[in-house]
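The values are calculated or read from the model by the stated rules, or taken from the named source; none is laboratory data. The shown structure was predicted, so the numbers you read here are calculated from the model rather than taken from an experiment. Counting neighbours? That spans all protein chains shown, and the Cβs are built from the backbone with ideal geometry, glycine included. Just the protein is used for accessible areas: all its heavy atoms, side chains included, with ligands, DNA and RNA removed. Shrake-Rupley method; radii C 1.70, N 1.55, O 1.52, S 1.80 Å.
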Amino acid sequence: MNIHRLLAIATLAATLALGSCAPKPAQPPRSFAYVANAKGNSVSVIDLLDLRVVATLPAGNDPTGLAVNPVNNEIYAVSTGSGYVTVIDAAKNRVIGTMPTGRTPYFMSVSDDGKRGYVANSDSNTVSIFNLERHVPTMQVAVGVHPGVARVSPDGKTVVSANRDSNSVTLIDPDRGQVRATLAVCLSPEDVAILPDSSKAFVSCSGSKQVAAIDIKRNRVLSLLRVGGTPVSLALKPDGGELFVSNYEAQSISIINTTADEVEETILAGELPVRSIVAGDNATLFVSNFRANAVAVFDTTTRRLLVSVPTGDGPDALALSPTENMLLVANSRSGDVAVIRLDKRQDKKITAPQPRLFTMIPVGGDPVQIVVKAPTI
């Protein structure tokens, strides 16, 4: 064997040896979905890479609401039956504490800076304010009768409480912990959406087929907009330009121009539309149809139905994965999560495949809420 071949073999051996000793590239942090199982008294944690449940965490009796801290690695589960909020470490997926609320809390809203949380206590007629850095409640603010949701504005300067049985909205100054105004709106205010610039709030009123537009800077009702029967939930485009109202009884979606405060159009959505969510590029609307056991997918520009994707039984809450390549659907009656594959179009000349059901993941009893978080590094 000549000297050149021996040198080549030696060089290759050295290269392979170095390669085997070289550190492996760091794996990106995994994303997880968190599912509140109301009848299971638990939160299921789903690994979004392997698409399997990796933990089931205790969350008190009847957990109904989930919230994500946008700054740190925490998830909050609101226990309606036990009257507290469970704090979950999203980096280790374990419970690290609880925070007491008032009676019969449902949902939680977290400020954009991650420092405060707000919970409407339906049977206490109050809103609890929490210091999320210390995991303690700091005060309770009296509002109207049976508040269902308290939503904080993106600038953190206003909390909007929808008071279902007093047909009113309470505007709270969260820095002072004081009521700034109480406004009469429409019958049975249900859900609240606040524009990205924190100028307006929109409130669905399930008892009067209306949505109230409210100037939260000047504390006044701007208009009452007529929509379909039983408007139960609101989905805002990320750019804030349009609001989609799920009219449960009317089986339709009303589309509101948030600048003009006008209903632009109402389209048929499917059987009992209960929740909706808009993709980050503002182009696609997803609607869960509770009785049809399907998710309807719409083009937000043309208002055209693109496809109806089968799910499990009783699809309810929706969440998009961080890269928006998957839509997660909590099926409240079948106790599982449907994973819908979303293929993004890389080349505008090529039509992307339609959204389609990819797999089903069993969770706990009556999954009613779902959120997604990638651990903060």
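From the backbone phi of the range 264-279, what are the Karplus-calculated ³J(HN,Hα) couplings (6.51 cos²θ - 1.76 cosθ + 1.60, θ = phi - 60°) in whole Hz, Gly and Pro given as x?
Running phi through 6.51 cos²θ - 1.76 cosθ + 1.60 with θ = phi - 60° gives 6, 6, 10, 10, 5, 10, x, 7, 6, x, 10, 9, 8, 8, 10, 5 Hz.
Using modelled amide H (1.01 Å from N, peptide plane; none on Pro or chain starts), what sits under 5 Å from the amide H of residue 363, excluding residues fewer than 5 places away?
Residues meeting the amide H criterion: 336, 337.
Ignoring ligands and nucleic acids, what accessible area does residue 158 show with a 1.4 Å probe (Å², nearest 10)?
My reading of the accessible area for residue 158 is about 10 Å².
Tally Lys/Arg at +1 and Asp/Glu at -1 over every other residue whose Cβ is under 14 Å from the Cβ of residue 55; what's the total?
+2
Between the DSSP loop rule and a limit of at most 11 other Cβ atoms within 10 Å, which trypsin sites (Lys or Arg not before Pro) in the range 280-314 are left? If you can, show how the numbers build up before the last one.
Numbers: sites: 291, 303, 304; in loops: 291, 303, 304.
Those that pass, being in a loop and sparsely packed, are 304.
Cα gyration tensor of the chain, axes a ≥ b ≥ c as square roots of the eigenvalues: rounded (a/c below 1.5), prolate (a/b > b/c) or oblate? Don't skip to the answer; put the middle values down first.
Values: a/c = 2.05, a/b = 1.56, b/c = 1.32.
The shape class here is prolate.
For residue 332, what residues show an amide H to amide H distance below 5 Å, using hydrogens built from the backbone and excluding near sequence neighbours?
Counting only residues 5 or more places away or on other chains, the set is 316.
Would you please classify the overall shape of the range 232-298 from the alpha carbon gyration tensor, given that a ≥ b ≥ c denote the square roots of the eigenvalues, rounded means a/c under 1.5, and beyond that prolate means a/b larger than b/c while oblate covers the rest?
Oblate, because a/c is 1.5 or more while a/b does not exceed b/c.
Which whole-Hz couplings ³J(HN,Hα) result when phi for each residue of the range 179-190 is put into the Karplus expression 6.51 cos²θ - 1.76 cosθ + 1.60, θ = phi - 60°, listed in order with x for Gly and Pro?
6, 8, 6, 10, 10, 6, 10, 10, 7, 6, x, 10
Just check the range 55-145 against the gyration tensor rule for me: Cα atoms, a ≥ b ≥ c as the square roots of the eigenvalues, rounded for a/c under 1.5, and otherwise prolate or oblate depending on whether a/b exceeds b/c.
oblate
Expressed as an acute angle from 0 to 90° and rounded to the nearest 10, what is the orientation of the C-alpha long axis of helix 3-21 relative to the principal long axis of the chain?
That helix lies at roughly 30 degrees to the long axis.
Could you look at the chain and say what percent of its accessible area is carbon and sulfur, using a 1.4 Å probe and all protein chains?
On the way: 8630 of 16700 Å².
Looking at the chain in its full context, I get 52 percent from C and S.
Quick check for you: with a 1.4 Å probe and neighbouring chains kept, what is the accessible area per residue of the range 123-265, in Å²?
Solvent-accessible surface per residue comes out at 38 Å².
List the residues, sorted by chain then number, that are 5 or more residues from residue 38 or on another chain and whose placed amide H is less than 5 Å from its amide H.
Amide H neighbours of residue 38, under 5 Å, 5+ apart: 368.
From the phi of every residue in the range 287-303, what ³J(HN,Hα) in whole Hz does the Karplus formula 6.51 cos²θ - 1.76 cosθ + 1.60 yield, where θ is phi - 60° and glycine or proline is x?
10, 8, 9, 4, 7, 7, 6, 7, 10, 8, 10, 10, 7, 6, 7, 8, 6
Please list 110-117, 42-49 highest first by mean number of surrounding beta-carbon atoms within 10 Å per residue.
42-49, 110-117
Given a 1.4 Å probe and the protein chains all in place, what does the accessible area of residue 290 round to, in Å² to the nearest 10?
40
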